[in-house]
Amino acid sequence: MYAQFVKHVSLPLYHWWHGSDLLRNIRKFEASQWLSQERLRTMQWERLSRLLEHAYENVPYYQEKFKEIGAEPRDIRSFEDFGKFPTLTKRILQERLADLTASNIPRGELVKGITSGSSGQPTSYIQEKASNRIRAAAGKRLTGIAGYDLGQRLFYLWRDSPFVIDGDQVRLASDVQASPSSAMASLKGALHARFGVENQTLRVDPTLMTEPEMGRVYERLRSFNPHVVISYVSTLYMFAQYLEANHLRGVAPRSVIVSSETLYPHQRELMERVFGCRVYNRYGLSETGIVAIECPLREGLHLNQEILHLEHVPDAFGYTQLVVTDLINRGMPLLRYETGDTGRLIEEPCRCGRGLCRIGDLSGRIIDQLPTQLGGHVNGQLFATFHWIDGVKQYQVVQEKIDAFTIRIVRTPSFAEGNLAPMFQTIRERFGRDTSIRVDYLESIPFTRGGKYKLVVSEVTRQEVPR
Ligand SMILES: [Zn+2]
């Protein structure tokens, strides 16, 4: 009942108060998802043509690329032509951020963000504020496909990015003092809470999932009684195992959405058994927001197609890599951006009737859970934090035994051994003071089969884990 009140009374009032067009935009996307694939392709093409013109006129990096291939936007007449445009990598994004930023958009209209780093290279990116509002609506529409309705209670077992943007610098959130909020901001915050928008969402950080911590998460989850639970695959799978082993019941969401990692059938099966509802796979990128989500038929993930163009491109390992183009962010156009994830684009219509094309055989990041001799597991995401150590170009953390780690490092000239101290300290705090740590210096970090870069590898078998 309360969810209905929030959906039909508080939320519209709140958005009206803020002059927000979110609800109107969500309704537009809810309608356009049923359009034919052909109509959706036409919509994408109109947006892409305008974006190419804009990039050619205003973005130095793309001016350079057009020149290199000896073309102008009008020479790109089809998606096939566009498929020959040079791809953009995370490395280029890191190195050429300023050149990728549009010169004609006022700075006040842009926001800077930072990726989680779990894919191996944390990257800054720029988004146009106006595009974020559209993206939020399109994302909410996709979440709706997986059973979420506006106004419902959402439980996030999710870690906020460990990084923040502080001026022009990227810093660890824990190193930056929170700035005192303005009177206006606190008034808005109070209204937000009062109108029942804020208290419909609960976030819990799952970085360190020890047994006592999982017990606390269970209690909070039970008393919050969410309609929808959103988490990482590995985290929620481990939590579901814990609930089952301890016969803990009373958690009955209507839908569970997992994200950020490859979802295996055995993981889905166990989570569905424990939570008693469907588990939906979601795929997203910090740079583009939610990319795709499963519908109740779960025969692939429906793409956020009105705002994203997706291609699958064969790579050197015989897989097809997903390459995405963000059609609405003029602040820093992402044209043919290599995601590093593999999958297959399905254009045949889905039996659910939605026109949005789908991604099949999605294989994303694999993030290990690392057992500790202190009890419980540490989520491998913890190690995404160390990308900002000076002199470290790339690294990989390998847990060889429960109390022995090897850190593989590719150095830059500014490297000094002392820079690794925070990394050593974090490992010993979480895994025990006597944990042995070896450092190997390499020229490059080997890729896994399938061409993935794995940030964290645990070689500890389950049998070795103390109960
Ligand atoms: Zn469908």
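The values are calculated or read from the model by the stated rules, or taken from the named source; none is laboratory data. What you see is a predicted model; the values in this text were computed from it and never measured. For the accessible areas, the whole protein counts, side chains as well, though only heavy atoms, and no ligand, DNA or RNA atoms are used. Shrake-Rupley method; radii C 1.70, N 1.55, O 1.52, S 1.80 Å.
Normalised per residue, the accessible area of the range 369-464 is 49 Å², obtained with a 1.4 Å probe and no contribution from ligands, DNA or RNA.
The 3J(HN,Hα) values that the Karplus relation (6.51, -1.76, 1.60; θ = phi - 60°) gives for the range 370-380 are, in residue order, 9, x, 10, 6, 7, x, x, 10, 10, 6, x Hz. Gly and Pro appear as x. Listed values for the range 288-296 are Karplus-derived 3J(HN,Hα) couplings in whole Hz (6.51 cos²θ - 1.76 cosθ + 1.60, θ = phi - 60°), namely 10, x, 5, 8, 7, 8, 7, 9, x, and x replaces Gly and Pro.
Our coupling estimate for the range 249-265, obtained by passing each phi through the Karplus curve with A = 6.51, B = -1.76, C = 1.60 and θ = phi - 60°, is 10, x, 9, 9, x, 8, 7, 10, 10, 10, 8, 6, 9, 5, 9, 8, x Hz, Gly and Pro reported as x.
With the full set of protein chains in place, find how many percent of the accessible area of the range 53-104 is carbon and sulfur; take the probe as 1.4 Å. Don't skip to the answer; put the middle values down first.
Details: 1240 of 2810 Å².
Its accessible area is 44 percent carbon and sulfur atoms.
In this structure, the amide hydrogen of residue 201, modeled 1.01 Å from its nitrogen in the peptide plane, lies closer than 5 angstrom to those of 154, counting only residues at least 5 positions away or on a different chain. A full extension of the chain between residue 428 and residue 272 corresponds to an added length of 52.6 nm, given 0.36 nm per residue minus the alpha carbon distance.
Estimated at 0.36 nm per residue, the fully extended path between residue 363 and residue 84 surpasses their Cα-Cα distance by 98.0 nm.
The Cα atoms of the range 18-64 give a gyration tensor whose axes a ≥ b ≥ c have a/c of 1.5 or more with a/b no greater than b/c, which makes the shape oblate. Taking every DSSP bridge with both residues inside the range 369-464, close to 55 percent are antiparallel. Under 5 Å between amide hydrogens, built in the peptide plane, is the criterion, and for residue 437 it picks out 405 among residues at least 5 positions away or on other chains.
Can you bin the range 369-464 into rounded, prolate or oblate? Criterion: square roots of the alpha carbon gyration tensor eigenvalues sorted a ≥ b ≥ c, rounded for a/c under 1.5, prolate for a/b above b/c, oblate for the rest.
oblate
Near the amide H of residue 88, within less than 5 Å, lie the amide hydrogens of 337, 338, all on another chain or at least 5 residues away, with H placed in the peptide plane.
Cα to Cα, under 14 Å, and not fewer than 8 places away if on the same chain: which aspartates and glutamates meet these conditions relative to residue 65? Reachable aspartates and glutamates: 53, 57, 75, 99. Heavy-atom accessible surface of the range 25-153, averaged per residue, reaches 47 Å², computed with a 1.4 Å probe.
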